[in-house]
1. To the nearest 10 degrees, how steeply does helix B:529-551 sit against the main Cα axis of chain B, on a 0 to 90 scale?
2. Take the alpha carbon atoms of segment B:295-368, find their center, do the same for segment B:117-162, and report the distance between the two centers in whole angstrom.
3. Gap in Å between the Cα centre of segment B:555-603 and the Cα centre of segment A:287-302?
4. Hey, could you grab the Kirkwood Rh for chain A? Inverse mean 1/r over distinct alpha carbon pairs, Å, one decimal.
5. Based on DSSP H runs of at least 4 residues, each adding -39500 (n - 2.57), what is the mean residue ellipticity at 222 nm of chain B after dividing by all its residues, to the nearest 500 deg cm²/dmol?
6. With Rg and the Kirkwood Rh both taken from Cα atoms, where does Rg over Rh land for the protein assembly as shown?
7. Sequence gap at least 6, Cα distance under 8 Å: using those rules, report the relative contact order of segment A:2-526 to the nearest whole percent.
8. Pairing the Cα long axis of helix A:113-132 with the longest principal axis of chain A, what angle in degrees results, from 0 to 90 and rounded to the nearest 10?
Amino acid sequence: MDSLILTYTTFLPLLGVLPILFIPQKGEGGKNVIRWIALVTSILVFLVSLRIYAMFDPGKAGFQMVEFKPWISRLGVHYFLGIDGLSFWLVLLTTFITPVTILSTWRAIEKRVKEFMVALLVLETAMIGTFLALDLFLFYIFWELMLIPMYLIIGVWGGERRIYAAIKFFLYTAVGSLLMLVCLIGLIWFHYEQSGTLTFNLLELYNTHLPRLYEILFFAAFALAFAIKVPMFPLHTWLPDAHVEAPTAGSVILAGILLKMGTYGFLRFAMPLFPQGSAFFTPTIIALSIIGIIYGALVAMVQPDIKKLVAYSSVSHLGYCMLGLYVLTKQGVEGSILQMINHGISTGALFLLVGVVYERRHTRLISEYGGIAKVMPLYSTIFLIVTLSSIGFPTTNGFIGEFLILLGAFKANKAAAVLAATGVVLGAVYMLWMVQRVFYGKVTNPKNLHLPDLNLREFAYLAPLVVLIFWIGLFPNFFLGKMHTSVDTFISQVKVPCKTMAASNEMHPRVPVGYHGHKSNLEHSEE
Amino acid sequence: MEHYIYFIPLFPLLGFLLNGILGKRLGKSFVSCVGCTSVGLAFVTALFVFKDLIGRPVEDRIMVDTLWTWMAAGAFKVDVSFLVDQLSMVMILIVTGVGFLIHIYSIGYMHEDESYWRYFAYLNMFVFFMSLLVLGANYLVMFVGWEGVGLASYLLIGFWYEGNENADAGKKAFIVNRIGDFGFALGMFLMFWTFGSLSYLDVFPKAFEMYEHGHLALNAPVLVAICLLLFVGATGKSAQIPLYVWLPDAMAGPTPVSALIHAATMVTAGVYMVARSNILYTLAPTACLVVAYIAAATALFAATIGILQNDIKKVLAYSTVSQLGYMFIGVGVTAYWAGIFHLMTHAFFKACLFLCSGSVIHAMGGDQDMRHMGGLAKKMPITYITMLVATIAIAGIPPFAGFFSKDEILWKAFNFPYYPVSGKIIWFMGTLGAAVTAFYMFRLIFLTFHGEFRGTEEQKHHLHESPYFMTVPLMILAALSFCGGWLGISPLIGHALGGVPNYLEHFLEPVFEHSQEIVATIPRVEYGHGMEIALMTTSVVVAIIGVLLAFHVYIRRFPELPARLREQYAVYYDLIYNKYYVDEIYFRIFVWPTYYLAIFFWKIIDVIIIDGIGVNGPAWLTQRGAYVFSRVQNGQVQTYGAFMLLGLVGILWYLLRF
């Protein structure tokens, strides 16, 4: 019995789009109906995705809840969805963040509400689809589909320089994606040459044996597309612009989920498809991750705009994720996946919090604030908790991720771990300095004297994030437990034994990752 | 039945949550009730644990209480679990006991503050994290407490956050501690990949076993590295050179906070950590030597700064840095119990000193400058006597508490088994520091309580003894400062008194058993009783000289002699008065370059090079290129004709060339 749960989760948001299309958005009433429909839809999606949680078996290797239907048979394209321990939490994060985001737009988005909600819901479908697709054709469609709604969200509902930011975002990402497309076709062709079957099935493509040169080349193209999304230094400059110009909801989705597409791309595609290419670039990627960690933190420190500060801090945090992936130890990879979730929660929360004061004051400059702790105590408390999570304070989620990544990194590469760990100090510097300038001191700006504290709606969408911060921080095993098996498989797939690296033409067996869940009988490196 | 240890941290946690969430609405009496009861209950639980512990046979005095598996990834697994042995028992009794007294004191001290609830919530949070720190059964739980107390400290230093310097001080404390924690974390990583665990009960026996079987040499580089990295964390938390700079600034917080966090408990965490890891340090003599030297340098250095401070709390702050140095000398020369002994007596007399200074500041209407005080003894007799007791204790005059613990440390330093010569140098530095300590502490007493009152008329009118909420804890702490040292009387004196045993050393012995075994194998010169008596006499004499000198300068020839000395030695005076300009130097070397590097990265690399040339450059080229080529097609026949002509000429030239 095949379950259709993944299809339901993916396309349910589109079902919500339909009624919205027919509702006139004249007047406050119409807008509210649209908002409610969008919110209810996204909550339903979340509830449906909880079913995935219930059905997921963490002990099973390979993919679960698989749906496999021929789609364009002559090209070997299939409608192929599946979930494993690598994508599991990312999917749930997506379905969780979306309702939170919609709730945050209640008062922030007043014009073209209908179009906005449609864009958000389409985006949700695209994001979930990207995490679930196991057919490269399908993946590429979802991947590119994400671009359009995000482009509109920035370009239509953004700030003053929204057009510049939107075009920059679009072009940057498109350049990477197109190169990836070329190499993707190349990969299909190589596979066709070898096996005689034309297929876009990721699991079959895992077994392609490419000449070393092509592995390196194809990896480079894939890595470029994903590195732009992450974003890795020096491909990050679209991010601050996009974040600053995007409306709050856009920033939350962008930071919370879209950036994870980059790291997920490495995890699911670039690394296991081209292990030797990946090994070839490992030193480069580790170096760039570390530069990203330190550089992002330093540049964040001197930003006058809170949103830009948070944007650069993302560069730093995602540097940790990449480092964790590339040290290829269990602690590193699991820490990295957890850190993706953590970043989604805490940076998402930071953008939401910035949005709260932006709605009240219409400025994001740190210098415009000061002494807010006195005026908005509840807001300040939540901001402080999220700050602690962002700087990796123990008992919050951020600590677990950073600790595991650094612990894993320390084994593989001591120098890298030491350098990366300086980011922990710098993180405290830029966040606490910002907190001091915004919240402490006396209220110097008379406009801030009577700011209202959080209202019930704002509290309602922030509270779940705070709960998650401590939940992950105190009981990370609940989350890590779902990853163990898949991470083992991932590491054995990607780790290139040193000897066979030289003799690349030798046919060393790659792990057959059967989606029917037969066990890969590889020796699991115990670390 | 060991599954009740977790109640010790649980009570303060509940207190924190209750006060934090409901405190604002429920009023001050509710808040004080919850705040004090929670810590009181934690203390009572600790007493029960203590009773349980001493009821057991000596070899069975370890209790472990595991709550849940915290993290597991690959071979890495860490539990949230607590461990009580003799060492953590002593620590938790100090933390909850002294903590309870200071909570009581705070009711009186903070009664007018509008954020009363926030204060007690933070204070309870501190006790919660501190008990995690001392009760954790592995380094990671210790680290949670370690960073957690740092957070509590950050929040309490910046408690009056409307003043920017307070917020600055809080931030400085947090960041400097983070630098230390960076080292601590690396130490944990190295430890895990060396021993495969972070749990005390795995790491320590394994290290000892590896040493016994010859798999781990004495002074193995990896061990030295682990110990030094952990010690980097300790220099941050326990304010040693070079990371001590945050502690004097931390005095911006309310005075009971200075007493509890920045004197009695939190700052001693590093000493506890080293004592806890004693087996690792004993196996790494080089690390011990570094610890002992840094400690001795800190003890002396901070003491000299204390001489010229005018802010009563700053004097005590530098004195704390200096006394922490003594504790580290103790644990550094492998006399772990002596370090813990001094930690305990210091907790008594330094908490007492800070609370007394709080009482003085309270009476002075918030003024902390000793130049405005004088003659307070008559107005505040209880504060005066209790503070005098604590001062005699810290000066190291028998039979007060500080004498026994400090003397034990100096004696053990003199006998440093690994490096006998360095041991003598450290002993000398420590003894010199003791003289300076006696001097600056009595300077404080004389300036504050003796002579004529030098403040304003208004202040003079306002002077009063503090309420009982404040004075009763003072009296209890003064009593402990008087007799707390009798728990650890050295065999020499104990014998002279007719066989008084050394309770504390005996109690702690099993924790340091393996370390003592290793140390015992080191050949060294044994000094007899004669030497011990000589050294003891020296340190007492030296302390008395310090006191007399202070008396001479600040009572007999005050204020003419201090003023003359200041003029005569202006250069040295400025140097010490400005704390050797360490803050300024750090600013120039670390803060300033980092800031400008960040600006450079942002303005030059990010905006101009990457974004300007790398990203917008190609875009600009495309646009300009399109513009240039669009000129060609401007729809004018003349232009087309001209281009045609040019083309013809070109072709003709090409053809006719041959």
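Read-outs: derived from the displayed coordinates by stated rules, not from any lab. What you are looking at is a predicted structure, and each value in this text was computed from that prediction instead of being measured. Here the Cβ is made from the backbone with ideal geometry for all residues, glycine too, and neighbour counts use every protein chain on show.
1. 80 degrees
2. So the two Cα centres are separated by 20 Å.
3. So the two Cα centres are separated by 32 Å.
4. The answer is 23.3 Å.
5. Values: 31 runs with 462 residues, N = 658.
The helix contribution divided over chain B gives -23000 deg cm²/dmol.
6. On the way: Rg = 33.6 Å, Rh = 32.6 Å.
Radius of gyration relative to Kirkwood radius: 1.03.
7. Values: 901 pairs, mean separation 88.3, N = 525.
After rounding, I find 17 percent.
8. 30 degrees
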